[in-house]
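Okay, structure first, notes after.
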Amino acid sequence: MILRIRFVVAVLCVLVTTSWTAGAQVTTGTIVGAVRDANGVVPGAAVTIREVNKGTADNFGGWQFAGISPFTTGRPFTVFMQTGVNNGAPSWPNRIGSGRLDDPTVDLWYNPRDFVAPPANTYGDSGRGILYGPGHVNFDTSLSKRVTVVGRANVEFRWDAFNLFNHPGFGFPNQNFDSPTAGRITSTAVDNRSMQFSLKLNF
């Protein structure tokens, strides 16, 4: 089993990506400097490196299971105004509350009542990227096996699944606080689950 973890910190957003592989490769590695008894076992060790890999081979029977799993916190977004007050120029609201909800849902992700229109021909004091959209978890996996045909030729069967558990990755809510649908999420940021099968001849 191989596990790799990568941390990416962007603008107030954290992405954790893990990649992992479980396969049936048997190696003949030894523990460097280890002293074995008459049966070839390292005293005090549960199993040797070769025994661990051989056990993996026996369990998977030549199959290899791998995947990538990103875990993402919500991305920041800015609250805007649908009806401007600057004669067509961009307008931002005044912020009179945090805008956050204790239990946000896709129907109401932030509190639009925490924002009000500024006086005409002025700019509001609401900042950029002050609220956060939904985070999401995704699992992309693959299952493959190679079968020898003759000599060096082999056939590889592969099954790929993207968003294996069909987790919904929601997009940003309606960012216009004065819209009838303010705070409502109507889009997704990731695709629905999809799968593909392939058969490849290697020679």
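The values are calculated or read from the model by the stated rules, or taken from the named source; none is laboratory data. Owing to the predicted nature of the structure, the values given are computational and were not obtained by experimental measurement. Here Cβ is always computed from backbone atoms with ideal geometry, including for glycine, and neighbour counts include all displayed protein chains.
Please go through segment 105-139 and give me each residue that is over 30 Å from S194 (Cβ atoms) and either in a strand (DSSP E or B) or among the charged types (D, E, K, R) (or both), ordered by number.
Within segment 105-139, R113, D114, F115, V116, D125, R128, L131 meet the criteria.
Do you know which of the residues in segment 77-101 that are surrounded by fewer than 17 Cβ atoms within 10 Å (Cβ to Cβ) and outside any loop (DSSP other than H, G, I, E, B) is modelled with the highest pLDDT?
Across segment 77-101, the extreme among qualifying residues is N94.
Out of the residues in segment 180-197 that are under 17 Å from the mean Cα position of the chain (by Cα) and in a loop (DSSP other than H, G, I, E, B), state the one that is nearest to L108 (Cα to Cα).
A189
I'd like the full set of residues that are over 30 Å from V116 (Cβ atoms) and in a loop (DSSP other than H, G, I, E, B), limited to segment 154-179.
Matches in segment 154-179: N163, L164, F165, N166, H167, P168, G169.
Any chance you could count how many residues in segment 148-179 are more than 20 Å from R75 (Cα to Cα) and within 27 Å of the chain's Cα centre (by Cα)?
The total comes to 9.
State which residue pairs qualify: first residue more than 19 Å from P180 (Cα to Cα) and inside segment 87-111, second residue modelled with pLDDT under 95 in any location, beta carbons under 8 Å apart, and separation of 6 or more residues or different chains.
Final answer for the pair search is N87/N121; P90/G84.
One residue is enough: does segment 179-198 have a residue meeting the conditions touching a Phe, Trp or Tyr at 6+ places or on another chain (Cβ under 6 Å), among the aliphatic types (A, V, I, L, M) and farther than 30 Å from G84 by Cα?
Within segment 179-198 (the criterion being touching a Phe, Trp or Tyr at 6+ places or on another chain (Cβ under 6 Å), among the aliphatic types (A, V, I, L, M) and farther than 30 Å from G84 by Cα), the answer is no, since none of the residues qualifies.
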